[in-house]
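Down below is the structure, laid out as structure tokens.
The values are calculated or read from the model by the stated rules, or taken from the named source; none is laboratory data. Quick caveat, the model's predicted, so the values are computed rather than measured. Cβ placement follows ideal geometry from the backbone for every residue including glycine, while neighbour counts extend to all protein chains displayed. These accessible areas exclude ligands, DNA and RNA; they are computed on the full protein's heavy atoms, side chains included. Shrake-Rupley method; radii C 1.70, N 1.55, O 1.52, S 1.80 Å.
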Amino acid sequence: MKTDTSNVNSINHLLDVLFLESRNRFDHLQTSVLQNVLAAILYLFERSNSRNAQPDDADKYHKLALNYKLLLTQKLKEHTNLQYYLDQLNVSQSTLQLATKTVFQKSPKAILDELLIFCAKRMLADPSKRIQEIGYELGFSI
């Protein structure tokens, strides 16, 4: 088993505790003590391995879906076409579809439309703006 250097002292200490406890006279708590010390050692190894592991598909999809939403909030007034976001993220539509369905349980188009409607509602709350101006700002034409 491999671990990073930050865990070595903790694991060595816990191994000492494990060894000493196994030499103690058996009582009704010894099994629980040994199990918990062993569990702590295994958790330290797991933590070390998870830090060094490559991100799995769920992590990749989560990151992609969040990047998509972030890009939407930054560029929505300029670009309301899904293809623009696919190009910017350098992914296929099916990949983005899978990521957003996994993370948000919605399609990329549904997320885009919801954000567009939210922006329109927020802009409509400003009485100084005309509906035509809002439509133009959000990329709609008459």
Requested in this report: Return the pairs, sorted by first residue and then second, in which the second residue is assigned to a helix (DSSP H, G or I) and small (Gly, Ala, Ser), the first residue lies in the range 57-73 and is free of Cβ contacts under 8 Å to residues at least 40 places away in the same chain, the beta carbons are less than 8 Å apart, and the residues are 6+ apart or on different chains.
Outcome: LYS60/ALA99; LEU64/ALA99; ALA65/ALA99
Report summary line: Sole miss for ASP57 among (1) open to solvent by 90 Å² or more (accessible area, probe 1.4 Å); (2) modelled with pLDDT of 90 or more is condition (2)
Query - Filter result (over 24 Å from ASP59 (Cβ atoms) and open to solvent by less than 30 Å² (accessible area, probe 1.4 Å)) within the range 90-116 - result: LEU116
Requested in this report: For LEU98, state whether it is of a type in the set (A, V, I, L, M), touching a residue at least 40 places away in the same chain (Cβ under 8 Å) and assigned to a helix (DSSP H, G or I).
Outcome: no
Query - Checklist (1) modelled with pLDDT of 85 or more; (2) open to solvent by less than 70 Å² (accessible area, probe 1.4 Å) applied to LEU44, failing item - result: (1)
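In this structure, does ASP87 turn out to be open to solvent by 80 Å² or more (accessible area, probe 1.4 Å) and out of contact with any strand residue (DSSP E or B) (no Cβ under 9 Å at 6 or more places or on another chain)? Full working, then the answer.
On the way: open to solvent by 80 Å² or more (accessible area, probe 1.4 Å): yes; out of contact with any strand residue (DSSP E or B) (no Cβ under 9 Å at 6 or more places or on another chain): yes.
Spelling it out, ASP87 is indeed open to solvent by 80 Å² or more (accessible area, probe 1.4 Å) and out of contact with any strand residue (DSSP E or B) (no Cβ under 9 Å at 6 or more places or on another chain).
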Report summary line: Pairs returned, first residue in the range 105-121 that is without any contact (Cβ under 8 Å) to a residue 24 or more places away in the chain, second residue that is among the polar types (S, T, N, Q) and open to solvent by 30 Å² or more (accessible area, probe 1.4 Å), beta-carbon separation under 7 angstrom, 6 or more apart or interchain, are SER107/GLN97
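Under the condition of being open to solvent by 40 Å² or more (accessible area, probe 1.4 Å) and within 17 Å of GLU78 (Cα to Cα), which residue from the range 122-141 is farthest from the chain's Cα centre (by Cα)?
GLN132
Within the range 67-84, which residues are open to solvent by 40 Å² or more (accessible area, probe 1.4 Å) and either farther than 27 Å from TYR136 by Cα or not in a helix (DSSP H, G or I) (or both)? First the steps, then the outcome.
So the first thing to find is which residues in the range 67-84 are open to solvent by 40 Å² or more (accessible area, probe 1.4 Å), and the list is 67, 69-70, 73-75, 77-81, 83-84.
Across the range 67-84, the qualifying residues are LYS77, GLU78, HIS79, THR80, ASN81.
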